[in-house]
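Chemist: Dropping a structure here in structure tokens format, bear with me for questions.
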Amino acid sequence: MVKLTAELEEAVQYTKAVLDRELDLRGYKIPVIENLGATLDQFDAIDFSDNEIRKLDGFPLLTSLKTLLVNNNRICRIGEGLDQALPCLTELILTNNSLVKLGDLDPLASLKPLTYLSILRNPVTNKKHYRLYVIFKVPQVRVLDFQKVKLKESQEAEKIINNYTEIMQKAFFLLLHFPQPGLSVPFP
């Protein structure tokens, strides 16, 4: 297991055919994202594929970064504040990780420029209405799991989530105003 330190400054760096500068940190068994300030914000893309990362966070301000590849890791949590550290991120590939709950994806909503997102082969994709949930929570995404988001999907997502929210509000109201013996009501 390798720590992401100045020693990895020697990692492969190249310019892709579309003139993006990419830092290749594939397969180093990196457990934590750290010390990326050493890159001096020189890269349009960083490839963290095939490592041991468990939480997507720890980024310094990287205004040049547009593409982040973190497939084949162990990511089970997404940190808050990614929008402040990665304000220009448009592509995020989280394929084959360990994201389990729909709520685990909520921090992605703050990434306003995010238009391409892949969460394939994560346990969360087996949840009912997973795709519609992501489309509702992260409406700026235009391509999800390598499939274009259709207008019909966006409309259906809004309808389902709004119905769910309305049902939950009514249920909470009923619990508050008509408590049942033996039921505890959580207060906000």
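Chemist: With semi-axes √(5λ) of the Cα gyration tensor in Å defined as stated, name the option among [x] 36, 19, 14; [y] 31, 19, 17; [z] 28, 18, 15 computed from the structure displayed.
Modeler: This structure yields the entry labelled [x].
Chemist: Going Cα to Cα from Lys150, which lysines come in below 16 Å? Please leave out same-chain ones fewer than 8 positions away.
Modeler: Partners within reach: Lys137, Lys159.
Chemist: So what's the angle, to the nearest 10 degrees on a 0 to 90 scale, between helix 151-177 and the longest Cα principal axis of the chain?
Modeler: 50
Chemist: Can you return the aspartates and glutamates within cross-link range of Lys127? Criterion is Cα-Cα under 20 Å, with same-chain partners fewer than 8 residues away left out.
Modeler: Cα-Cα hits under 20 Å: Asp104, Asp106, Asp145, Glu153, Glu156, Glu158.
Chemist: Based solely on its DSSP helices, what 222 nm [θ] is calculated for the chain when runs of n ≥ 4 H residues each add -39,500 (n - 2.57) and the sum is averaged over all residues, nearest 500 deg cm²/dmol?
Modeler: Taking each H run of at least 4 residues, the total per residue is -6500 deg cm²/dmol.
Chemist: With a Förster radius of 30 Å, plug the Cβ-Cβ distance of Lys148 and Leu174 into 1/(1 + (r/R0)^6) and report the FRET value to the nearest 0.05.
Modeler: The computed FRET efficiency comes out at 0.15.
Chemist: Calculate how many DSSP beta bridges within the stretch 6-149 are antiparallel, expressed in % of all such bridges and rounded to the nearest 5. Could you put the intermediate results ahead of the total?
Modeler: Details: 6 of 22 bridges.
In the stretch 6-149, DSSP labels about 25 percent of beta bridges as antiparallel.
Chemist: Okay, moving on. Please compute the length gained on full extension between Asp20 and Glu156, using 0.36 nm multiplied by the number of residues separating them and subtracting their Cα-Cα distance. Please list the in-between numbers first.
Modeler: Numbers: separation 136, 0.36 × 136 = 48.96 nm, distance 3.60 nm.
Net length gain for the segment: 45.4 nm.
Chemist: Can you give me the distance in nm between label points at Cys88 and Glu10, each placed 7 Å from the Cα along the Cα-to-Cβ direction?
Modeler: Roughly 3.0 nm, to one decimal.
Chemist: Moving on to the next point. Let's see if you can work this out: charge +1 on each Lys and Arg Cβ, -1 on each Asp and Glu Cβ, no other charges. What is the dipole magnitude of the chain about its Cα centre, in debye to the nearest 20?
Modeler: In total the dipole reaches around 900 debye.
Chemist: Ranking request for peptides 126-133, 50-57, 171-178: highest mean number of other beta-carbon atoms within 10 Å first, then the rest in descending order.
Modeler: Values: 126-133: 14.4, 50-57: 18.4, 171-178: 10.2.
Averaged packing, sorted descending, gives the order 50-57, 126-133, 171-178.
Each value in this text was obtained by applying a stated rule to the coordinates, not by laboratory testing. Every value quoted in this text rests on a predicted model; they were computed, and no experiment measured them. Because the Cβ atoms are built from the backbone with ideal geometry, glycine has one as well, and the counts that use them run over all protein chains shown.
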